[in-house]
Amino acid sequence: MSLKESYQFCFKMGVAIPRQVLKDEPVLRHIAQEYDSITCENDMKPENLLDAEANRKEPERYDRSPAVTFEKIDPYMEYAKKNGIGMRGHTLVWHNQTPRWFFAKDYRNEEDAPLADRETMLARMESYIRTVMTYVQQKWPGVIYAWDVVNEAVVEEGLRESFWIGTVGQDFVLQAFRFARKYSDGSAALFYNDYDTFLPWKREAIYDLILRPLLEEGLVDGMGMQTHLTMETDLDEYEKSLRYYGALPLQVQITELDNHNTDLSEESMERLAQRYESLFDRLVKARKDKAADLTGVTFWGLQDDMSWLTAFRKERSYPLLFDGQLKPKKAYYAVLGAAEK
């Protein structure tokens, strides 16, 4: 039994993939066998869709309607459609991996270039969201089933300081969801996505600053819990957050799952397997108890050698279900076992 077959009674099983695997037939067969959802690891983020050359060459033409190119995402869409795999759209509005020139007057690329005004940036935001959503809805209907409309907007001080705050203002999240709802054909759920969603202060802040205003206008359909765990993350506290979001009239999806682990010993791999088993026990129970409308789980990486964590943490990480040769680890079988309980 594969991951997707084991959990078809419960939720989609997905994985984030990088561009290079699209030319690797054995890996593509593995993905189609194990998963019924994929996410572009980077290629659907604004820096990869915005056409830098066109925008900077003709800034007057594109001032309020930025040029966008889809050459990087079409191969993902084609693969997903051909294999009957759903896709999560990640992500429309984010402070990171969105180039500074996008926020600048005349799309100027100097580090000190003056920023565009609120009206211009609202127009750019609306045009970008409209262009991207309309393209995939018309050319690839039904492939994308969820959009991360806004990603990682909350920090301990409140809303994160960013070029979105600096140009549009404190209501940029609300504006983004208004545009996404306006141009959605209803085939994809609209999500807010963030990390460390299991921390008590953050789940409260996400509700107060993000979800409550969006729910009041009927603009949001789901909460994305990234779920980048460590071996010390308190899974009891994590479960509290899962059920907290689950009590809202929203879908919940685990969108970027991994578990940072630097020890490759047999004992450590056994502990990693136990961690994943405990997590999936809680996910399945919350779904069965109707404590959360959990509709998807996505692993952030195919195999250990492709994990972003090694570079991010600056130490070798072995956080996933498959090793560097794409062979299943004990954690893989632990996740399968959790589905059978």
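Provide a single number: the residues in the range 153-186 that are within 22 Å of residue 115 (Cα to Cα) and either touching a Lys or Arg at 6+ places or on another chain (Cβ under 8 Å) or of a type in the set (Ser, Thr, Tyr) (or both).
Number satisfying all stated conditions: 7.
Test residue 161 against the criterion of being of a type in the set (Asp, Glu), farther than 12 Å from residue 92 by Cβ and in a helix (DSSP H, G or I), and give yes or no.
Answer is no for this residue.
How about the range 304-341: which of its residues are more than 19 Å from residue 267 (Cβ to Cβ), crowded, with 22+ Cβ neighbours inside 10 Å and not hydrophobic (A, V, I, L, M, F, W, C)?
307
With the range 244-341 as the region, which helices (runs of 4 or more DSSP H) entirely inside it contain at least 3 residues that are within 21 Å of residue 37 (Cα to Cα), out of contact with any Pro (no Cβ under 9 Å at 6 or more places or on another chain) and not basic (Lys, Arg)?
The qualifying helices (runs of 4 or more DSSP H) are 266-288, 330-339.
In the range 175-188, which residues are within 10 Å of residue 149 (Cα to Cα) and open to solvent by less than 70 Å² (accessible area, probe 1.4 Å)?
176, 177, 179, 180
Let me spell it out: the conditions are (1) among the acidic types (Asp, Glu); (2) under 28 Å from residue 132 (Cα atoms); (3) surrounded by 20 or more Cβ atoms within 10 Å (Cβ to Cβ), and residue 239 meets all of them except one. Which number is the exception?
Condition not satisfied by residue 239: (2).
Within the range 86-115, track down each residue that is in a loop (DSSP other than H, G, I, E, B) and either free of Cβ contacts under 8 Å to residues at least 12 places away in the same chain or open to solvent by 10 Å² or more (accessible area, probe 1.4 Å) (or both).
95, 96, 97, 98, 99, 108, 109, 110, 111, 112, 114
So if I check each of 176, 146, which one is within 23 Å of residue 297 (Cβ to Cβ) and of a type outside the set (Asp, Glu)?
Exactly one of 176, 146 is within 23 Å of residue 297 (Cβ to Cβ) and of a type outside the set (Asp, Glu), namely 146.
Just wondering, is there one or more residues in the range 31-48 that are in contact (Cβ under 8 Å) with a residue 24 or more places away in the chain, of a type in the set (Lys, Arg) and touching a Ser or Thr at 6+ places or on another chain (Cβ under 9 Å)?
Yes, some residue in the range 31-48 is in contact (Cβ under 8 Å) with a residue 24 or more places away in the chain, of a type in the set (Lys, Arg) and touching a Ser or Thr at 6+ places or on another chain (Cβ under 9 Å).
The values are calculated or read from the model by the stated rules, or taken from the named source; none is laboratory data. None of these values were measured; they are calculated from a predicted model. Note: ideal-geometry Cβ built from the backbone for every residue, glycine included; neighbour counts use all protein chains shown. Remember, those area values only see protein heavy atoms, side chains included, never the ligands or the DNA or RNA. Shrake-Rupley method; radii C 1.70, N 1.55, O 1.52, S 1.80 Å.
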